[in-house]
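The values are calculated or read from the model by the stated rules, or taken from the named source; none is laboratory data. The shown structure was predicted, so the numbers you read here are calculated from the model rather than taken from an experiment. Here the Cβ positions follow ideal geometry from the backbone for every residue, glycine too, while neighbour counts run over all protein chains shown.
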Amino acid sequence: MGLNDWFNSLHMDYDGQARAEKLSRIIILLFGFVGFIWGYIIQQFSETVRILGAGFILAAILTIPPWPIYRRKPLSWQKVRPQRSGDSDGEGKTKKKKQ
Amino acid sequence: MYRGFERLNVVFTYGVITLTVCVLALNLTTFFKDFSRIETVNLDFKGFSGFIKNSSRYPSLRVDGSHETAFLTLDAEADFQSMFNWNVKQLFVSVVVEYVSPMHARNEVVVWDKIIVREGNALINTNKGSRYMHWDDGTGLRGLKANWRLKWNVIRNVGPMADYQSPAYEIEFPKEYSH
């Protein structure tokens, strides 16, 4: 299942998560503020709610799917170290038997 | 924030919190509006005519002379346009007749009402006759002096509902029955 593995491997790294959350909050706050001012000017609160809803959809599109820009700084894991023969119990037992 | 559903949850919650703040701010901007006076085109209880019958409106009830009905034609005009702002959903306007009768210390009868929605026509004119028959459960309506008022109830989107009324206007019922 190559597609499933690819889908499950899309994770944002920590720096990307922080940026995504900050961006979503800024977008929603901005749309809420502008929507409130516009609703006050035309004296219709329904327009305020609609503008805020549009801001939520925009923030959702930009920050929820794991876009590549949020995966630019993956954690640098150490490389897998090959096991040396003297350290492992299994290897030692095998060697004794061979002697 | 590691999975998509967590991000959806966080973003949606933040949106709802922002909406709550907008609603509270809406309430704050319209909190101090004074609804108790109307700048009227003509709040004038101009004409009054009516007839009283010593009978029931509904033929199925016994006609025993124990109660009276009246049909009043009032003529009042008012303009409620200044009551509306973005926090007012609708107004409930009614005309009431208040009087004292031998059976009750205080009577208040609604003879006309109307719901004015915000997009609707805010001018009212009651001269087409009352909407509801004026009922009384005694026989003291002939020649009675009563008070006549306009009342309005402001229904807001956010905030409390409140009742307001106009000054009273004196009327006198007809002195004789009509048939």
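Observations
- Selection of helices (runs of 4 or more DSSP H) fully inside the range A:1-76 by the criterion of at least 1 residues being modelled with pLDDT of 95 or more, at the interface with chain B (Cβ under 10 Å from one of its Cβ atoms) and over 17 Å from the mean Cα position of the chain (by Cα) returns A:14-42, A:45-63.
- Selected residue (only one of A:Ile69, A:Ile64, A:Ile26 is surrounded by 15 or more Cβ atoms within 10 Å (Cβ to Cβ) and touching a helix residue (DSSP H, G or I) at 6+ places or on another chain (Cβ under 9 Å)): A:Ile64
- When each of A:Phe36, A:Phe45, A:Phe7 is tested for being out of contact with any strand residue (DSSP E or B) (no Cβ under 9 Å at 6 or more places or on another chain), touching a residue at least 12 places away in the same chain (Cβ under 8 Å) and not β-branched (Val, Ile, Thr), the lone residue that passes is A:Phe36.
- Among the residues making up the range B:9-42, those that are at pLDDT below 75 and of a type outside the set (S, T, N, Q) are B:Arg37, B:Ile38, B:Glu39, B:Val41.
- Under the condition of being closer than 18 Å to A:Ile41 by Cα and more than 9 Å from chain A (Cβ to nearest Cβ), the residues counted in the range B:9-28 number 3.
To keep it simple, each residue is scored yes or no on (1) in contact with a Phe, Trp or Tyr (Cβ under 7 Å, 6 or more places away or on another chain); (2) at pLDDT 65 or above; (3) closer than 30 Å to A:Ala18 by Cβ; (4) more than 10 Å from chain A (Cβ to nearest Cβ).
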position: B:Met1; (1), (2), (3), (4): no, yes, yes, no
position: B:Arg7; (1), (2), (3), (4): no, yes, yes, no
position: B:Asp44; (1), (2), (3), (4): no, no, no, yes
position: B:Phe51; (1), (2), (3), (4): yes, yes, no, yes
position: B:Ser60; (1), (2), (3), (4): no, no, no, yes
position: B:Ala76; (1), (2), (3), (4): yes, yes, no, yes
